[in-house]
Amino acid sequence: MAEHAEPAEQAAHAEQAEHPAYPVGLRLTGRRVVVLGGGQVAQRRLPALIAAGADIVLVSPEATPSVEAMAAGGEIGWERRPYAEGDLADAWYALIATSDAEANERASAEGERTRTWCVRSDDAGAATAWTPATGRSEGVTVAVLTGRDPRRSAAVRDAIVEGLRDGSLAAPHHRTRTPGVALVGGGPGDPDLITVRGRRLLAEADVVIADRLGPRDLLDELPPHVEVIDAAKIPYGRFMAQEAINNALIEHAKAGKAVVRLKGGDPFVFGRGMEEAEALAEAGIPCTVVPGISSSISVPGAVGIPVTHRGVAHEFTVVSGHVAPDDERSLVDWESLAKLRGTLVVLMGVDKIGAIAQTLVAHGKSPDTPVALVQEGTTASQRRVDATLATVAERVRAEDVRPPAVIVIGEVVTVGPRKA
């Protein structure tokens, strides 16, 4: 066979180069796909073909271990031999990726005769099909073609997929969206610390009911049509605050709106998320729970305090300090906590820290136990105040520490670098 393309073939290739590729999505379920060559190219491309449900036949004398595993698992068929004339018979699509240039040419020519769309890994200009840079996010497939610049294709693909995942590229559902409520944990305050899924749901919301401690900066990024409701300002009337919030969630969801309940931290860590989930379930409203980064771990970490550390603390306990230890409503066993050797993290306890410290000392905790208070952790106003159980009440008054603040009690406070 001649090594150089005939003039007619060269003219055909030149004509193809003048026109852009026509984008199309191939539905390959149950249809024969032939892959020639079992190397790195096949290893990268096969998973997507398997996911598409194609009936895949690999033709190659050898394959990478990963490709071998696909064959051993029955995901693909494998004929352990070089390409032979007729291998593309009845194939809908072919990936030509052998290390034999002459075999690639012959297979490509067979594809032309049999009208089989062929991708060439060694010569894109001679191929009848190109593989786009592909990514997926929440049911959306992004496929990018930029001619013969695969790195640019990949860069554009990555930018689009990342935008869809983090919500910075808004692409709300229309035909398939089901009205309902998402309980989204917004993290400790820094808008960058919300989860990717949480940010995407925010971008798709019609109504956002936000807590005071949620990542407020994200609200400014919402489109103008989104109704933002401050949960602290819902008119309660004869209802308790939480009941009024539950009613607002149900009312907007029943109106066909996609509702996000944006909370600080995690919805189920002192966030009353389960109360809202139960109310929604009783009303027959679909509810999605999106976990968030809890301030009990992230805020100490932001100032260099690990809640556990080898040789220092093998456990950490998170408690609510919103009621004093001697309050009959308290469910915390402070006496048992005083006997633990690990880390104690107190949330919502700034105004009760004096009583908490006294109770821990009274039950055997050393007055010299280190304490750190981290106010407005992970935000621009973050600050850290250090003390001991003996001095913490006075330090809180002297430094005017105010909520929200996370209190860390234990030897881990002295571990690592200090950060303001």
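The values are calculated or read from the model by the stated rules, or taken from the named source; none is laboratory data. These numbers come from a predicted model, not from an experiment. All Cβ positions, glycine included, derive from the backbone under ideal geometry; neighbour counts span all protein chains shown. Heavy atoms of the whole protein, side chains included, go into the accessibility calculation; ligands, DNA and RNA do not. Shrake-Rupley method; radii C 1.70, N 1.55, O 1.52, S 1.80 Å.
The overall shape of segment 67-172 is prolate: from the C-alpha gyration tensor, with semi-axes ordered a ≥ b ≥ c, the ratio a/c is 1.5 or greater and a/b exceeds b/c. Taking amide hydrogens as placed 1.01 Å from N in the peptide plane, the amide H of residue 289 sits under 5 Å from those of 183, each at least 5 positions away in sequence or on another chain.
Spatially close Lys pairs in the chain, defined by Cα atoms under 28 Å apart and a spacing of eight or more places or different chains, total 12. Over all other residues within a Cβ to Cβ distance under 11 Å of residue 95, the charged ones net out to +3, with Lys and Arg as +1 and Asp and Glu as -1.
Once backbone amide H atoms are built at 1.01 Å from N, residue 318 has 345 as its partners under 5 Å, excluding neighbours fewer than 5 places away on the same chain. Distance from the C-alpha centroid of segment 34-85 to that of segment 241-311: 46 Å, rounded to the whole angstrom. Helix 101-114 against the longest principal axis of the chain: what's the angle in degrees, Cα atoms only, rounded to the nearest 10? The helix 101-114 is inclined about 80 degrees to the chain. Taking the longest Cα principal axis of the chain as reference, the axis of helix 40-51 is set at about 70 degrees. Given their separation in residues at 0.36 nm each and the Cα-Cα distance between them, residue 243 and residue 99 gain 45.0 nm when the chain is fully extended. Axis angle, to the nearest 10 degrees, between helix 273-282 and the longest C-alpha principal axis of the chain: 70 degrees.
Could you tell me what percent of the accessible area of the chain is made up of carbon and sulfur, with a 1.4 Å probe and every protein chain present?
Summing carbon and sulfur atoms, their accessible area is 52 percent of the total for the chain.
What the phi angles of segment 94-100 give under the Karplus curve with 6.51, -1.76 and 1.60, with θ = phi - 60°, is a coupling list of 9, 10, 9, 8, 8, 8, 9 Hz, glycine and proline written as x. Sorted largest first, the spans of the alpha carbon positions of the chain along the three principal axes are 94, 54, 36 Å. Summing Lys and Arg as +1 and Asp and Glu as -1 over all other residues whose Cβ lies under 13 Å from the Cβ of residue 323 gives a net charge of -2. Within the shell defined by Cβ-Cβ distances under 13 Å, the residues around residue 273 carry a net charge of -2, with Lys and Arg each +1 and Asp and Glu each -1.
The relative contact order of segment 76-131, computed from alpha carbon pairs under 8 Å that lie at least 6 residues apart in sequence, is 31 percent.
Of the GluC sites (Glu not before Pro) found in segment 290-384, the ones in coil according to DSSP and having at most 14 other Cβ atoms within 10 Å of their Cβ are 315, 328.
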